[in-house]
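Structure record follows, encoded as structure tokens.
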Amino acid sequence: MPAPRSRSRRTIPAIGEARQSQVLQLYGPGAMVDLPGYAVVIGGLDYWNSKGSVPIDEPRLLQLVRAATGVGHIELRTPPKQADNLASGGGSIKALRFPHS
């Protein structure tokens, strides 16, 4: 009988790091995220850095968004794919410490 294969070891993400799918579903603008020792509220789209985001080409979705919002010029983009350099002071999506002291 062959030995069972070991599962590949996943690297543990850095504290506060989220995948694109998590940003869209769980940790989007206004979401509260509980981190070790404190909590943060994910900033709105005006706090997002567009570096690393890609425009979305979906004409039907764009037409629906324009009709729903009444705004003529809208650009749909993906969440940022990667964090900025740590020396710049944080990731591409800013979070605000909660409660603010």
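Where a number appears in this text, it was derived from the coordinates with a stated rule and is not lab data. All values reported here derive from a predicted model rather than from experimental measurement. All Cβ positions, glycine included, derive from the backbone under ideal geometry; neighbour counts span all protein chains shown.
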Members of region 50-67 found to be under 29 Å from residue 96 (Cα atoms) and out of contact with any helix residue (DSSP H, G or I) (no Cβ under 9 Å at 6 or more places or on another chain), listed by number: 50, 51, 52, 53, 54, 55, 65
Extreme residue, farthest from the chain's Cα centre (by Cα), among residues of region 17-45 that are part of a strand (DSSP E or B) and of a type outside the set (Val, Ile, Thr): 38
